[in-house]
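The values are calculated or read from the model by the stated rules, or taken from the named source; none is laboratory data. Please read these numbers as outputs of a predicted model, since none were measured by experiment. Here the Cβ positions follow ideal geometry from the backbone for every residue, glycine too, while neighbour counts run over all protein chains shown. Calculation scope for accessible area: heavy atoms of the full protein, side chains included, ligands and nucleic acids excluded. Shrake-Rupley method; radii C 1.70, N 1.55, O 1.52, S 1.80 Å.
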Amino acid sequence: MSLSGTLEAASTADGVTFTFTVENTGSDPVELQFSDGQTHDVLVIEDEDTQVWCWSEGQMFMQMLQQETIPPGDHVTYECVWEDPEPGEYVAEAFLSASNSDCEASAEFSV
């Protein structure tokens, strides 16, 4: 399995929008399997080790098995928004919540 991830963090007037892209860089389709409705997560870290925000925290996800296939050379994109963050320097870390595949990406950003 050849998955490659990128993460973009864009500050707007409403907060920070995170765009996590997972690309299949291999020559075979990749079937992602999820044990519930959550496909990804994004954490925001300050001062190298203090988590200040987690997209999935406080959310409820439907309990259902789901799968998503990424053809070779194609990608899927996941977005989420951190509303009303405090000004500062941060690192965001995104990762797939698939039970059978790993893919992570990170990005430094300022608010």
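Summary table
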| read-out | value |
| --- | --- |
| Residue match in region 23-36 (condition: in contact with a Cys (Cβ under 6 Å, 6 or more places away or on another chain), modelled with pLDDT of 95 or more, of a type outside the set (Gly, Ala, Ser) and surrounded by 14 or more Cβ atoms within 10 Å (Cβ to Cβ)) | no |
| Residue 16 being closer than 18 Å to residue 84 by Cα and either part of a loop (DSSP other than H, G, I, E, B) or out of contact with any helix residue (DSSP H, G or I) (no Cβ under 6 Å at 6 or more places or on another chain) (or both) | yes |
| Whichever residue in region 38-49 is under 15 Å from the mean Cα position of the chain (by Cα) and assigned to a loop (DSSP other than H, G, I, E, B) and, among such residues, is farthest from residue 79 (Cα to Cα) | 38 |
| Condition check for residue 30: within 14 Å of the chain's Cα centre (by Cα) and in contact (Cβ under 8 Å) with a residue 40 or more places away in the chain | no |
| Selection count where residues are farther than 18 Å from residue 45 by Cβ, open to solvent by 40 Å² or more (accessible area, probe 1.4 Å) and touching a residue at least 40 places away in the same chain (Cβ under 8 Å), scope region 11-22 | 1 |
| Pair list, Cβ under 6 Å, 6 or more apart: region 86-106 residue closer than 15 Å to residue 76 by Cβ, other residue β-branched (Val, Ile, Thr) | 94/42; 97/39; 103/22; 105/6 |
| Subset of region 33-89 [touching an Asp or Glu at 6+ places or on another chain (Cβ under 7 Å) and over 25 Å from residue 3 (Cα atoms)] | 52, 62, 63, 83, 88 |
| Entirely in region 50-111, the strands (runs of 3 or more DSSP E) that have 2 or more residues that are under 16 Å from residue 29 (Cα atoms), at pLDDT below 95 and open to solvent by 20 Å² or more (accessible area, probe 1.4 Å) | 66-70 |
